[in-house]
Amino acid sequence: MEVPILKQGAVLIATFQAALSDADLNNLRMGLVQQVVKFRSRAVIVDVTAMDVMDSFASRTLREIALMIRLRGAETVIVGIQPEVAFAMVQLGLTLEGVATALDLEEGLAYLSEKFKTTN
Amino acid sequence: MSKSESTSKDSEARSNPGVDLVRSEASSELLRELVAHLRQNRTQLREEWVVRISETRLLTAMTKEEIFAEATSIYDSYVEALETEAFEALQAYARNLSERIIPRGVETHEVVGIVLLLRDVLARSLFEKYQTDFKKLNRILDAYEPAANRIANTVAVGFVQERERVIRQQQEAIRELSTPVLQVRERLLILPIIGVIDPQRARQLTEQLLRGIRTNRAKVVVIDITGVAAMDLTVANNLVQTVEASRLLGATVIVTGLSPEIAQTLVTIGVDLGKMNTVGDLQGGIEQAERLLGYKVEKLAEPR
């Protein structure tokens, strides 16, 4: 299943619908990294609210997306990690270090607009 | 203990003709004589015992008068137990005594110590009384020693059992104290942790906190561990995990109230606290959280 990438102003939003296959994740990664420069976006929000399990591949891909996006000149915010998922991830040592996180999409957007304000 | 008790009782109860009966009759005869002697010299022996107790610096948590009163009742129960061999009464007394003195901070070694002292004081007085008749002394001691040892045993076991009961009760009380996740301001939670954290409780804490962050839409959490006495590697790692998991939900965690001892432990065992935001006390933590959230608390007037 393909993940739709929405453009909202200077932000790209990718919403995970359900558990994704490894191939889907790879496609998402390439899509985001390409489009972030194409649309001259300043930030990417990845919404994982629908994911009730996060395996190590998905977690690693999220981290890779964040690092690649940074190299392409934008920022990434992961939003909507469920409490149980967060706990499981931490126990597996998957802490998404260096990646911004927020409670949900609204919070992520608020975080970014605050950030855009200060960097402008 | 119960085995020897039952056998000695059996040999008395069943009219089993033979050496056993004769011996037990002789020994209870001796015990009666012994008890009479102890009753006669009650004041002097008790005095001597109390002196020995304070000499050996036992029961330092109690005053002289308390020790004397307690010594009197222990002495009487002791003699009574020697006479009747009814250990249930002594057991009950030991439990009762323990209930009273455990909250005072009396240690196991002290209780065992004073009972053994009494045994020794009484044995000395027997030596003195029967020093001319060595055979009789031997027989008296034969009767006295097992009974005295059993008394010491009973009191010590009673004390330890009571102590364990108190410990169990306290552990349950601690476990039942659930840890509340409280909202102090919009988007600011505090989690005061009090008492011992074991892995089970740590897990419960983390889950509660993460749920609290989600339902209150918290951005900042202050975890206050002023009430945590000690922390080992596992618990410290749990704390780090809680901080990281909270961050995944978009909340910043500020840890406050690390005692010098805990700070020392954490540095010694080398827990990576680099990712942790720590502030000295709860007030400082809340102030920093308010700064993060953009609050400014102003004093409008002097308190009346």
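Just so it is clear, none of the values below were taken in a lab; they were calculated from the coordinates. Note that the structure is predicted; figures quoted are calculated from it, not measured. Every residue, glycine as well, gets a Cβ built from its backbone with ideal geometry; the counts of neighbours run over all protein chains shown.
Quick one: P(r) of chain B from all Cα-Cα pairs, 20 Å bins, percents rounded to integers, in order of increasing distance.
Final binned percentages: 25, 31, 24, 17, 2.
Assign unit charges at the C-beta atoms only (+1 for Lys and Arg, -1 for Asp and Glu), then state the dipole size of chain A relative to its Cα centre in Debye, rounded to the nearest 20. If you can, show how the numbers build up before the last one.
Working: 11 positive and 14 negative charges, 155 e Å.
Here the size comes out at about 740 debye.
Provide B:Glu85, A:Glu114 in ascending order of the number of other Cβ atoms located within 10 Å of each residue's Cβ, fewest first. Don't jump to the answer; show the numbers that get you there.
Working: B:Glu85 17, A:Glu114 11.
Least crowded to most crowded, the residues run A:Glu114, B:Glu85.
What is the distance, in nm, between label points placed 7 Å from the Cα along the Cα-to-Cβ direction at B:Lys129 and at A:Ala23?
Result: 10.0 nm between the two label points.
Roughly how many debye, to the nearest 20, is the charge dipole of the protein assembly as shown about its Cα centre, given +1 on each Lys and Arg Cβ, -1 on each Asp and Glu Cβ, and no other charges? Can you show the working numbers first?
Numbers: 50 positive and 57 negative charges, 309 e Å.
So the dipole magnitude of the protein assembly as shown works out to roughly 1480 debye.
State the answer as a single residue: which of B:Phe159, B:Pro103, B:Leu141 lies farthest towards the positive end of the charge dipole of the range B:2-172, with beta carbon charges of +1 for Lys and Arg and -1 for Asp and Glu, about the Cα centre.
Towards the positive end, the residue furthest out is B:Leu141.
If the viscosity is 1.306 mPa s and the temperature 10 °C, what Stokes-Einstein diffusion coefficient in µm²/s follows for the range B:182-293 when Rh is the Kirkwood radius over Cα pairs?
On the way: Rh = 13.8 Å.
The Stokes-Einstein estimate is 115 µm²/s.
For chain A, what is the mean residue ellipticity at 222 nm derived from helices alone (per DSSP H run of n ≥ 4: -39500 (n - 2.57); sum divided by total residues; nearest 500 deg cm²/dmol)? Display every interim value, and only then the final one.
On the way: 4 runs with 57 residues, N = 120.
-15500 deg cm²/dmol, from helical runs alone.
I'd like the orientation of helix A:105-119 relative to chain A: the angle between its Cα long axis and the longest Cα principal axis, in ° from 0 to 90, rounded to 10.
Helix A:105-119 sits at roughly 40 degrees to that axis.
For the protein assembly as shown, compute Rh as the Kirkwood radius over C-alpha pairs and then the Stokes-Einstein diffusion coefficient at 4 °C and 1.567 mPa s; write the answer in µm²/s, rounded to an integer. It would help to have the intermediate numbers written out before the result.
Details: Rh = 27.8 Å.
Using the Kirkwood radius from Cα pairs, D works out to 47 µm²/s.
For peptide B:208-217, how many partner chain Cβ atoms fall within 10 Å of a residue's Cβ, on average? Intermediate values should be presented prior to the final figure.
Working: counts 1, 2, 8, 2, 1, 3, 6, 1, 1, 4.
Average per residue, whole number: 3.
I'd like to verify something in chain B: which complete DSSP H helices, judged by Cα projection on the helix axis, reach 30 Å or more and average at least 0.5 on the Kyte-Doolittle scale? Before the final figure, lay out the partial values.
Working: long enough: B:19-40 (31 Å, -0.06); B:108-129 (32 Å, 0.75); B:134-176 (62 Å, -0.59).
Span-like helices, by this rule, are B:108-129.
What does the highest-first list of B:86-99, B:239-252, B:291-304, A:95-108 look like by mean Cβ count within 10 Å?
On the way: B:86-99: 16.5, B:239-252: 24.2, B:291-304: 8.1, A:95-108: 19.0.
Ranked from most to least packed, the peptides come out as B:239-252, A:95-108, B:86-99, B:291-304.
What does the charge dipole of the range B:162-296 about its Cα centre add up to, to the nearest 20 debye, if the Cβ of each Lys and Arg holds +1 and the Cβ of each Asp and Glu holds -1? Intermediate results must be reported in sequence, preceding the final value.
On the way: 16 positive and 15 negative charges, 119 e Å.
Rounded to the nearest 20 debye, it is 580 debye.
Identify all lysines with a Cα-Cα distance to B:Lys219 below 30 Å; exclude those on the same chain that are fewer than 8 residues away in sequence.
Once the sequence-local lysines are set aside, what remains near B:Lys219 is A:Lys7, A:Lys115, A:Lys117, B:Lys275, B:Lys296, B:Lys299.
Can you pull the mean other chain C-beta count within 10 Å for peptide A:101-108? If you can, show how the numbers build up before the last one.
Values: counts 6, 5, 11, 4, 0, 1, 6, 1.
Other-chain Cβ atoms within 10 Å of each residue's Cβ, averaged: 4.
Could you state the principal axis extents of the C-alpha atoms in the range B:2-172, from the largest down, to the nearest angstrom?
53, 37, 19
Between B:Glu99 and B:Asp281, how high is the FRET efficiency from 1/(1 + (r/R0)^6) when r is the Cβ-Cβ distance and R₀ = 51 Å? Nearest 0.05.
Details: r = 38 Å, r/R0 = 0.74.
Approximately 0.85, to the nearest 0.05.
Take every residue in peptide B:239-245, count the Cβ atoms of other chains within 10 Å of its Cβ, and give the average of those counts.
Values: counts 0, 2, 7, 3, 2, 10, 11.
For peptide B:239-245, the averaged partner shielding equals 5.
What number, in nm² with one decimal, is the all-direction average of the projected area of the convex hull of the alpha-carbon atoms of the range A:5-119? Mind showing how you got there, number by number?
Working: hull surface 25.8 nm².
Computing the convex hull of the Cα atoms and averaging its projections yields 6.4 nm².
Using a 10 Å cut-off on Cβ atoms, rank the peptides B:130-136, B:255-261 from the highest mean neighbour count down. All intermediate terms of the calculation are to be shown ahead of the outcome.
Details: B:130-136: 10.9, B:255-261: 17.4.
Result, highest mean first: B:255-261, B:130-136.
Rounded to the nearest 500, what is chain B's calculated 222 nm mean residue ellipticity when only DSSP H runs of at least 4 contribute -39500 (n - 2.57) each, over all residues?
Details: 11 runs with 205 residues, N = 304.
Counting only the DSSP helices, I get -23000 deg cm²/dmol.
Can you give the extra length, in nm with one decimal, that the chain gains between B:Ser259 and B:Ala36 once fully stretched, where that is 0.36 nm per residue apart less the Cα-Cα distance? Intermediate results must be reported in sequence, preceding the final value.
Working: separation 223, 0.36 × 223 = 80.28 nm, distance 5.95 nm.
Contour length minus Cα-Cα distance gives 74.3 nm.
Hey, fewest Cβ within 10 Å first, where do A:Val77, B:Val196 land in order?
Placing the least packed residue first, the sequence is B:Val196, A:Val77.
For the range A:19-120, run through the chymotrypsin sites (Phe, Trp or Tyr not before Pro) and keep only the ones in DSSP coil with at most 16 other Cβ atoms within 10 Å of their Cβ. Intermediate values should be presented prior to the final figure.
On the way: sites: A:Phe39, A:Phe57, A:Phe87, A:Tyr111, A:Phe116; in loops: A:Phe39.
Passing sites in the range A:19-120 are A:Phe39.
Sort B:Glu110, B:Glu128 so that the residue with the fewest other Cβ atoms within 10 Å of its own Cβ comes first and the one with the most comes last. Show your work: numbers first, answer last.
Details: B:Glu110 20, B:Glu128 10.
With the sparsest Cβ surroundings first, the list reads B:Glu128, B:Glu110.
Quick one: helix A:56-71 against the long Cα principal axis of chain A, what's the angle to the nearest 10°, folded into 0 to 90?
10
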